[in-house]
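Visitor: Handing you a structure now.
The values are calculated or read from the model by the stated rules, or taken from the named source; none is laboratory data. Only a predicted model underlies this, so the values are computations on that prediction, with no experimental measurement involved. Here the Cβ is made from the backbone with ideal geometry for all residues, glycine too, and neighbour counts use every protein chain on show.
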Amino acid sequence: MRIPLYEMNNNDYLSLGLRNQWHPVLASWEVANNPVGITRLGENIVVWRDQNNELHALEDRCPHRGARLSLGWNLGDRVACWYHGVEVNAEGKAVDVPAVDSCPLKGADCVKTYSIIEKHGAVFIWFGIDQSVEPDPLSFPDQLDSEEWSSFLCMADWKVNHRYAIDNVMDPMHGTYLHCTSHSMAEGEKSAEMKHTPTKTGFVFEKDGQKGVNFDWVEYGQTGTSWLRLSIPYKKDFGPGGEFWIVGFATPIDEENTRVFFWRCRKVSGWQKNVWRFLYRNHLEGLHWDVLEQDRIILENMAPNARDGEFLYQHDVGLSRLRRMMKKEADKQLKQIVELNNSQEKTLADGVPVNG
């Protein structure tokens, strides 16, 4: 049984992911008519669409006896538990207990709610520490937000902690070796000096002296959500749009599993957009999955507790910098969690009920 967040150390907390930000959790197409049960950041969540196609998210736990609400029915503005029919609405209130005429549970706020939004073909959930605080605004790089770009979303579930997936993208040098037989990363030098440059939302980590040849740079950004962005040069016979861009996310499922989201983007419009999308679906997509599979195999077969025995060198400056940033943020969040828990315990001791 997992210990409460307020009892965790920094490493255990980070293994489940940082909070107070938006995380992609599903592709939009995965949420249809039935409730969908997921685990993200170690939390069980039920997601469903109402009659107006609006998304809702709750803790996936019936307040009666703890059954999964996601196994039940979608009643539009509420979900009904399969076990005994208890109905919980989108605000986390038990609105009906059909098995009895009168029950104190009816009308009670008893299930945690989540802010949820749909963007760029994916579902994002706000994992806030304090439920009384509004979510931060959510924005994305131009490759997703601008109509001048066209993108495809691909997802995969990897049996690895999300921090290894982040490290992998923060390491441009691995492309020259791990992906040397790929359609896009066979060129360039086998060695390089690396440098980093701060940006308004994070920093860029890149090879010094080589650009536009291979996987030569990566950017970390925080805009209400944490993303990684990179580009890889493409030959003209791979269609219009110039460089091939990737905007990526690594969302923790739990301590040992991660769902990765990669938007594959090119700057195209009009007829070029149609050509690019046709070419991608009929040729390039399979090549890209081959590259992603190489990443998965390496990461899922890392040595147990690989980070404990590392010998980092100059190529690892970028991932080391991001690790320090994440550790600092985790310390800040843990302090907030402990203070909030202490406040709630005091409130309960004073005999005042705590909502949420």
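Visitor: Based on what the data block shows, is ASN282 without any contact (Cβ under 8 Å) to a residue 12 or more places away in the chain, surrounded by 12 or more Cβ atoms within 10 Å (Cβ to Cβ) and in a helix (DSSP H, G or I)? Working first, answer last.
Guide: Values: without any contact (Cβ under 8 Å) to a residue 12 or more places away in the chain: yes; surrounded by 12 or more Cβ atoms within 10 Å (Cβ to Cβ): no; in a helix (DSSP H, G or I): yes.
Criteria not met by ASN282.
Visitor: While we're on this one: Only one residue in HIS179, HIS174, HIS183 is modelled with pLDDT under 85 and under 15 Å from LEU319 (Cβ atoms). Which one?
Guide: Numbers: HIS179 fails: under 15 Å from LEU319 (Cβ atoms); HIS183 fails: under 15 Å from LEU319 (Cβ atoms).
Being modelled with pLDDT under 85 and under 15 Å from LEU319 (Cβ atoms) holds for just one of HIS179, HIS174, HIS183, which is HIS174.
Visitor: Please go through the stretch 299-316 and give me each residue that is assigned to a helix (DSSP H, G or I) and modelled with pLDDT of 95 or more, ordered by number.
Guide: Here is the first cut: in the stretch 299-316, the ones assigned to a helix (DSSP H, G or I) are 299-300, 306-309, 314-316.
Those that are assigned to a helix (DSSP H, G or I) and modelled with pLDDT of 95 or more: LEU299, GLU300.
Visitor: Please find, within the stretch 140-154, the residue that is farthest from LEU284 (Cα to Cα) out of those that are among the polar types (S, T, N, Q) and surrounded by 15 or more Cβ atoms within 10 Å (Cβ to Cβ). Working first, answer last.
Guide: Here is the first cut: in the stretch 140-154, the residues among the polar types (S, T, N, Q) are 143, 146, 150-151.
From the residues that got through so far, the ones that are surrounded by 15 or more Cβ atoms within 10 Å (Cβ to Cβ) too are 143, 150-151.
Working: GLN143: 18, SER150: 14, SER151: 13 Å.
Checking each candidate, the answer is GLN143.
Visitor: Of all the residues that make up the stretch 223-245, how many are at pLDDT 95 or above and assigned to a strand (DSSP E or B)? Let's see the steps before the verdict.
Guide: Of the stretch 223-245, the ones at pLDDT 95 or above are 223-229.
Applying the additional criterion that residues be assigned to a strand (DSSP E or B) yields 225-229.
Number satisfying all stated conditions: 5.
Visitor: Return the pair list, or none, for Cβ contacts closer than 7 Å from residues in the stretch 255-279 that are part of a helix (DSSP H, G or I) to residues that are aliphatic (A, V, I, L, M) and at pLDDT below 90, at least 6 apart or on different chains.
Guide: none
Visitor: I'd like to verify a number: residues in the stretch 328-353 that are assigned to a helix (DSSP H, G or I) and more than 33 Å from the chain's Cα centre (by Cα), how many?
Guide: Step one: of the stretch 328-353, the residues assigned to a helix (DSSP H, G or I) are 328-349.
Still in the list and also more than 33 Å from the chain's Cα centre (by Cα): 346-349.
Summing the residues that are assigned to a helix (DSSP H, G or I) and more than 33 Å from the chain's Cα centre (by Cα) in the stretch 328-353 gives 4.
Visitor: Residues of the stretch 155-172 being outside any helix (DSSP H, G or I) and surrounded by fewer than 20 Cβ atoms within 10 Å (Cβ to Cβ), which ones?
Guide: Kept after step one, since they are outside any helix (DSSP H, G or I), are these residues of the stretch 155-172: 155-161, 170-172.
Selection gives MET155, ALA156, ASP157, LYS159, ASP171.
Visitor: Residues that are surrounded by 18 or more Cβ atoms within 10 Å (Cβ to Cβ), at pLDDT 95 or above and touching a Phe, Trp or Tyr at 6+ places or on another chain (Cβ under 7 Å): list the strands (runs of 3 or more DSSP E) wholly contained in the stretch 2-102 that include at least 2 such residues.
Guide: Numbers: elements: 22-27, 36-40, 43-49, 55-59, 78-80, 87-89, 94-96.
Qualifying strands (runs of 3 or more DSSP E): 22-27, 55-59, 78-80.
Visitor: Counting only residues that are among the aliphatic types (A, V, I, L, M) and modelled with pLDDT of 95 or more, which one in the stretch 247-279 is farthest from GLU300 (Cα to Cα)?
Guide: We begin by selecting, within the stretch 247-279, every residue among the aliphatic types (A, V, I, L, M); these are 247, 250, 253, 260, 268, 275, 279.
With modelled with pLDDT of 95 or more added as a condition, the list becomes 247, 250, 253, 260.
Details: VAL247: 22, ALA250: 14, ILE253: 15, VAL260: 13 Å.
My answer is VAL247.
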